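Following: one structure in structure tokens, then a few remarks.
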Amino acid sequence: MEPMTHEPSKTPSASAVVSRHLLMPQHANPRGTAFGGTIMAWMDTVAGMAAERHCGRDVVTVGIDSLAFKQPIRIGDQVVLKASVNYVSRTSMEVGVQVTRENPHTGEKCVATTAHLTFVALDEEGCPVPAPSLTPETADEKRRYAHALQRVRQRKERLKAETQAHND
Ligand SMILES: CC(C)(COP(=O)(O)OP(=O)(O)OC[C@H]1O[C@@H](n2cnc3c(N)ncnc32)[C@H](O)[C@@H]1OP(=O)(O)O)[C@@H](O)C(=O)NCCC(=O)NCCS
């Protein structure tokens, strides 16, 4: 197994990404609320940008967990996506994304969607390569890091069990 990278550790805020979209009719379902696939594509993009900024390499999505559509987003709402790296394992990085819907007329805002996405850093040949470690600084970053560590452990256990069952 390739050793951990010797690149300097980075903070979550060094790679965090925020983006804002206007929900247009082409992003909606026939009910006039956001089509889930569009929101997922925006989440994948913003999370991938954070992962890429963290490792300074190409990345690919390997998993999306705990995706929750909590509130509908309507045509005309502004959609703010915030992504930051929660945890770095070896070659994989868990990125948390929070999507907030904002009504630009009233200023009302609420969290509409959340998810955890896992990306793998790739070398020039497209093989997994170690990513720089992560140093959480703020209380929020430390809490997210601790929770992500638990999820990463559970995810690895689940993947191992699934691979085992597949091979049986
Ligand atoms: C990324 C890829 C090259 C990794 O190859 P691999 O043989 O799975 O490599 P590994 O088994 O060494 O796994 C690499 C890392 O990903 C993690 N991983 C693999 N599958 C995962 C999953 N479903 N969820 C979370 N983490 C996962 C492993 O735990 C490992 O993490 P670590 O190095 O931090 O410990 C390969 O899985 C791939 O090409 N997947 C397709 C990616 C893609 O096309 N994405 C676009 C979305 S459609």
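The values are calculated or read from the model by the stated rules, or taken from the named source; none is laboratory data. The structure presented is a predicted model; accordingly, all values stated were derived computationally and were not measured. Cβ sites come from the backbone with ideal geometry, for glycine too, and all protein chains shown count toward neighbours.
Worth pointing out:
- Meets criteria (within 9 Å of the ligand (Cβ to nearest atom), over 23 Å from residue 57 (Cα atoms), surrounded by 15 or more Cβ atoms within 10 Å (Cβ to Cβ) and at pLDDT 95 or above) for residue 151: no
- Annotation note: Cβ proximity below 6 Å between a residue of segment 58-87 that is modelled with pLDDT of 95 or more and a residue that is hydroxyl-bearing (Ser, Thr, Tyr) and assigned to a strand (DSSP E or B) (sequence gap 6+ or interchain) occurs for 62/118; 63/118; 68/114; 69/113; 72/33; 74/33; 80/100; 81/19.
- Segment 88-145, subset within 16 Å of the ligand (Cβ to nearest atom) and either polar (S, T, N, Q) or at pLDDT below 95 (or both), residue surrounded by the fewest Cβ atoms within 10 Å (Cβ to Cβ): 133
- Hey, residue 79 on the phi < 0 side of the Ramachandran plot, touching a His at 6+ places or on another chain (Cβ under 7 Å) and among the β-branched types (Val, Ile, Thr) or not: yes
Conditions (1) crowded, with 18+ Cβ neighbours inside 10 Å; (2) within 26 Å of residue 132 (Cα to Cα); (3) of a type in the set (A, V, I, L, M), marked per residue:
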{"site": "23", "(1), (2), (3)": "yes, no, yes"}
{"site": "32", "(1), (2), (3)": "no, no, no"}
{"site": "36", "(1), (2), (3)": "no, no, no"}
{"site": "61", "(1), (2), (3)": "no, yes, no"}
{"site": "74", "(1), (2), (3)": "no, no, no"}
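- One residue alone among 74, 53 is under 15 Å from the mean Cα position of the chain (by Cα), of a type in the set (D, E, K, R) and away from the ligand (no atom under 16 Å from the Cβ), and that residue is 53.
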